Amino acid sequence: MGVLGGMRRNVEVKARLRAREEALRAALRLLGLGPAGPVCPGAGQEPPQVCPGAGPGTGEGQEPPQACPGAGQVLLQTDTFFRVPRGRLKLRRTQDGRGELIFYERPDSAGPKLSRFSITPTADPEGLQAVLSLSLGVLGTVRKERLLLLLGQTRLHLDRVQGLGDFLELEVVLRPGQSEEDGQRRARELLRELGVGEQDLVSGAYLDLLLAQGDNGDTAPCHPPAGHGQQG
């Protein structure tokens, strides 16, 4: 089956968020963690707890950790996209100095769609980025703050993307033998439960949205230097 035969699969969908706090309240209700009152900064509400022992990684398409189901995790991510003949290739870096090289292929359509991907970690993201930039060329950079919540086999991301605003992304991590249709059905159910309408769905990657407005993301990094970031 070649390279594609060894790739992993999930069903993904992305949407603009008109009201981030409403989406967060809905997600917490689904997890059984929602407070009785509104969720808003400074209102005395405790944020979702970071899952201790969730392990290393930058959060792309990984199997949900078994410990602390339903816990939340805040991730600061910088994705650098490189020029490749097919699919997308990006290097993801986080504030703790870790990195992952991610290749994926998925349709640029607005609804839930199948994504095939492959990930390899790197202990030297800076060096790898330098080599890939010289050999392939850089398309652009996406910087975001991501709140990750786990809903069974689904990774729910509440993303605040620099230069774009707030988004919701669902990744239904398909089990062995599970069909694409099953994943799409689960994604659509969650979208309804989260109050996300068809009119808010977006196609493509965050980089496409940045490039469409004339921004390739090459501005001053918003992330702290490696080893100085906080998660919580």
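Tabulated results
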quantity	calculated
Long-range neighbours under 9 Å by Cβ, at least six apart or interchain, first residue in contact (Cβ under 8 Å) with a residue 12 or more places away in the chain within region 123-138, second in a helix (DSSP H, G or I)	Val138/Gln129; Val138/Leu132
Count of residues meeting criterion [surrounded by fewer than 19 Cβ atoms within 10 Å (Cβ to Cβ) and of a type in the set (Ser, Thr, Tyr)] in region 95-116	1
Failed condition for Glu60, given (1) surrounded by 15 or more Cβ atoms within 10 Å (Cβ to Cβ); (2) modelled with pLDDT of 95 or more; (3) among the acidic types (Asp, Glu)	(2)
Selection from region 191-205 of residues that are part of a helix (DSSP H, G or I), over 15 Å from Ser109 (Cα atoms) and either aromatic (Phe, Trp, Tyr) or touching a residue at least 40 places away in the same chain (Cβ under 8 Å) (or both)	Leu191, Glu193
Test for Gln95: is it polar (S, T, N, Q), in contact with a His (Cβ under 7 Å, 6 or more places away or on another chain) and under 30 Å from Arg25 (Cα atoms)	yes
Region 63-94, subset charged (D, E, K, R) and at pLDDT 95 or above, residue surrounded by the most Cβ atoms within 10 Å (Cβ to Cβ)	Arg93
Candidates Gly183, Gly197, Gly163, filtered to the one that is under 18 Å from Glu22 (Cβ atoms) and of a type in the set (Gly, Ala, Ser)	Gly197
Of residues in region 180-199 being under 24 Å from Arg25 (Cβ atoms) and of a type in the set (Gly, Ala, Ser), the one surrounded by the fewest Cβ atoms within 10 Å (Cβ to Cβ)	Gly197
Complete set of residues in region 206-222 that are part of a loop (DSSP other than H, G, I, E, B) and either surrounded by fewer than 16 Cβ atoms within 10 Å (Cβ to Cβ) or at pLDDT 95 or above (or both)	Gln213, Gly214, Asn216, Asp218, Thr219, Ala220, Pro221, Cys222
Close pairs (7 angstrom Cβ cut-off, 6 or more residues apart or separate chains): farther than 25 Å from Ser203 by Cα and in a strand (DSSP E or B) in region 90-108, modelled with pLDDT of 95 or more and among the basic types (Lys, Arg) anywhere	Gly99/Arg92; Gly99/Arg93
Hey, Arg29 modelled with pLDDT of 90 or more and within 15 Å of the chain's Cα centre (by Cα) or not	no
Flag for Leu147 being touching a residue at least 24 places away in the same chain (Cβ under 8 Å), of a type outside the set (Phe, Trp, Tyr) and surrounded by 17 or more Cβ atoms within 10 Å (Cβ to Cβ)	yes
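The values are calculated or read from the model by the stated rules, or taken from the named source; none is laboratory data. The structure displayed is predicted, hence computed values, not measured ones. Cβ coordinates were reconstructed from backbone atoms using ideal geometry, including for glycine residues, and neighbour counts include every protein chain displayed.
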